[in-house]
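Working notes, structure below.
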């Protein structure tokens, strides 16, 4: 396990112990694969203000409990994103 994975695991365990049920992260496109490997899904993508075109910021989320689905509004956001991605292809 790398340093970033160990830090994320510690953060997630701490959140779980405190009763946090949903973790959110605003990630860069570069960090997206890292968070996806750890169970996060993309909810929305938008360009960062002042960062220039082509630098989207991704809002990603993960539940901390095992086998608990994302809340309905997050599932709806994910489905809308997938539909939009499919329509562009």
note = Across (1) on the phi > 0 side of the Ramachandran plot; (2) modelled with pLDDT under 65, residue 70 clears everything bar (1)
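Quick one: would you say residue 53 is loosely packed, with under 12 Cβ neighbours inside 10 Å, at pLDDT 85 or above and not in a strand (DSSP E or B)?
no
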message = For region 25-38, give me each residue that is surrounded by fewer than 15 Cβ atoms within 10 Å (Cβ to Cβ) and at pLDDT below 90.
response = 26, 28, 29, 30
ask   = Any chance region 7-19 includes a residue that's exposed (fewer than 15 other Cβ atoms within 10 Å of the Cβ) and either at pLDDT below 60 or assigned to a strand (DSSP E or B) (or both)?
value = no
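The values are calculated or read from the model by the stated rules, or taken from the named source; none is laboratory data. Remember, it's a predicted structure, so these values are computed and weren't measured experimentally. As a convention, Cβ positions derive from the backbone with ideal geometry for all residues, glycine included, and neighbour counts pool all protein chains shown.
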